[in-house]
1. Could you list all residues from the stretch 290-304 that are at negative phi and not in a strand (DSSP E or B)?
2. Restricting attention to the stretch 340-349, does a residue exist that is surrounded by fewer than 17 Cβ atoms within 10 Å (Cβ to Cβ), more than 27 Å from the chain's Cα centre (by Cα) and not in a loop (DSSP other than H, G, I, E, B)?
3. Does the stretch 644-693 hold any residues that are closer than 24 Å to ILE149 by Cβ, crowded, with 16+ Cβ neighbours inside 10 Å and β-branched (Val, Ile, Thr), and which are they?
4. Would you say ALA257 is touching a Lys or Arg at 6+ places or on another chain (Cβ under 7 Å) and either buried (at least 22 other Cβ atoms within 10 Å of the Cβ) or among the hydrophobic types (A, V, I, L, M, F, W, C) (or both)?
5. Consider THR191 against the criteria (1) at pLDDT below 95; (2) on the phi > 0 side of the Ramachandran plot: it satisfies all of them except one. Which criterion is unmet?
6. How many residues does the stretch 390-401 contain that are surrounded by fewer than 18 Cβ atoms within 10 Å (Cβ to Cβ) and not β-branched (Val, Ile, Thr)?
7. Please pick out the residue among SER631, SER696 that is surrounded by 14 or more Cβ atoms within 10 Å (Cβ to Cβ), in contact (Cβ under 8 Å) with a residue 24 or more places away in the chain and farther than 21 Å from GLN182 by Cα.
Amino acid sequence: MRRWQIISVLICLQFATNAIAQEDTPDILKDNVIEQKIETVVETDGNYDYTSLLDKLEYYKKHPINLNHTSKEELNELNILDDIQINKLMEHIDKNGNLLFLYELQTIDGFEKDVIQKILPYVTISENYSKPNVSFNELFKYSKNTIIIRSQQIIENEKGYSSITDSALLASPNSRYLGSKQTVYARYRFTYSNNISVGLTAQKDAGEEFFKGTQKQGFDFYSAHFYTHNIGNLKSFAVGDYQAQFGQGLTMWSGLAFGKSVDATLLKRNARGISPYTSVDENLFLRGGAATIPVGKFDVTGFGSIKTKDANVTLLDSASNSIETVSSFQTTGDHNTAASIADKDLITEKIGGGNISYSNKNLKIGTTLVVVQYNTFLKRNLDYYNQFEFTGTHNNNLGLDYSYLWHNINIYGEASRSENGGMAFVNGAIISLDPRFSVSLFQRNYQRNFQPVLNNPIAESSKSANEKGLLMGVSTKPFPFITLTGYYDRFAFDWLRYQTNSSSYGNDFIVQLNYTPSKKTDAYLRIRQRNKEKNSSLNLNPLDYLIKTQQTNYRFNVSYNVTPSIKLRSRVELIDYYEHESTAQHGYMIYQDVMYKALSKPLSITFRYALFDTDGYDSRIYAYENDVLYSYSLPALSEKGSRTYLLLNYNVTRNIEVWLRYAQTFYNNKNIISEGSLGEIMGNTKSEIKAQIRFSF
């Protein structure tokens, strides 16, 4: 009963406060579309580093896109507008001339009030435009240099850092971390408009050594790039670490990408081609060189990469002590124990390929080839469920992608074939039946023997093989202040999967109702349900049989501006998890955010207090947290307790900005956290402190 009383009081408090807010309060609401996308992805796929995905948005906040002098490619990078909306904008400018003011966008089909508010932080209107004229004087005058240094650590004592005798460590060398508990991040970036980028990024993870032992070179991971865009005869040119993304991600897509989200009309991937790599994920990038050359209406791209990867060794040559076979790759990027150091950089991966694409006003079609070669034989530990996965030293994928725009219909897709003959297909459509009503369809068929090289298409599982599905989405605005969005995805796995010893199926749906009565207030109610099948855990028969699982999340979120300086945001989320033959799990999470941004001082403060109570890890709840620039936090809250964080951001001078963040999770029902792991804490609190400074000149 106490749970519902807390929820009721919080909701009443929110609407009471909103009722007394001044109507002329200026809008300081941030765009929360990206936050919702990240939360949706993490609920399914886990927590990743989203720096590269959000780097462009941070750039466009400071260097807004001039809508009078832009391109489809540039607008696609916002990941806010679909191709139909972009085409309507281009047609309006071609017919009526340049835009005179931003709210002229309201006269264009598809640009409703809420859409305009979403893009406002990233766009502008100006008659001034000049092509880049790269010279020493131009670079010196208009370029920007940025240095970021960040350090963070868990405050409590963790088992992996505790003292141990030499004899005990010798007997169990992986029972302690090799280095200190600090995570250290450093980044330098030189940029000239959107045309030149030079950068160096380095990171030491928690537990890794630093300028000693196995890391005498300092940081465990270094990444550097030199990148140009629309300079001379090159559309794109990259040396060092970069990303290559084409089509719908089925044949070639290095790096992350947003998957299914509540706004299903934005399912279509907008490939950036060649772009610089700015993240610290140690796997999802290419290292070498790439270039894109425009030839009339064609773009011709070539790329090559050589880098080492962590792997699990299964066979050594006894005579030469050289590696003959490995069973799998290690993808954590952590090198903080003797075992993880031993697996580091054991295999060399060579990737090469290219893309040729043709595009005009309404049609884009392209073909992509990617080839991979390993210097060591990859021999997986095959079982019935994974017997079709790639084994060997070389593989390739050849794909064909398309996108066609006809009036208010955009159809798109891609087909890909791996070296063994396995095929994969995706096809989609976005249909704008009315400026206030759009539908989307997305069909996928990944054969069980399809063996991707480096891709990232939309999928229910983490591997784009052995999956069929049809997703249907809708976005409608029946009333000026009401928006209804959602999707239903039905998928099937024809072959066995891990912990699923039979063909299986499932479905996933989201329905979200947004209420936005003014530019300073936004509330939404969301329901999401996921149904899947997996092996029974009872083991009553020689053959496992499948049981059904169901997870349902109910969320109410409201944010509004009380004053020009203060924004409040509140959330209530409930979760129900059912697994046949097991006791159902339930849980809830409530949080209150207070965000203060001084109008006369360069100071902003964000504070959250959250309560959570769940029956176990299966009923965990994710919640996006504001963090320092280029760092993102999405903790999984389970068990019973509270979580709070405080984020301070202060501009010391025009060129120096600092952040300080403190976060703590308190558990009511346990006295040991992460029991049995190297991160074990004897106590019921886990706290983290993070500090960052940015120099711009």
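The values are calculated or read from the model by the stated rules, or taken from the named source; none is laboratory data. Because the structure is predicted, anything quoted here is derived from the model rather than measured. Cβ atoms come from the backbone with ideal geometry, glycine included; neighbour counts cover every protein chain shown.
1. Result: LYS297, single match.
2. Yes, the conditions are met somewhere in the stretch 340-349.
3. Residue satisfying the conditions is ILE693 alone.
4. yes
5. (2)
6. 4
7. Result: SER696 is the single residue among SER631, SER696 that is surrounded by 14 or more Cβ atoms within 10 Å (Cβ to Cβ), in contact (Cβ under 8 Å) with a residue 24 or more places away in the chain and farther than 21 Å from GLN182 by Cα.
For every residue, the table says whether it meets (1) assigned to a strand (DSSP E or B); (2) out of contact with any Gly (no Cβ under 6 Å at 6 or more places or on another chain); (3) of a type outside the set (Lys, Arg).
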| site | (1), (2), (3) |
| --- | --- |
| LYS567 | yes, yes, no |
| GLU573 | yes, yes, yes |
| ASP576 | yes, yes, yes |
| TYR591 | yes, yes, yes |
| MET595 | yes, yes, yes |
| ILE605 | yes, yes, yes |
| ASP618 | no, yes, yes |
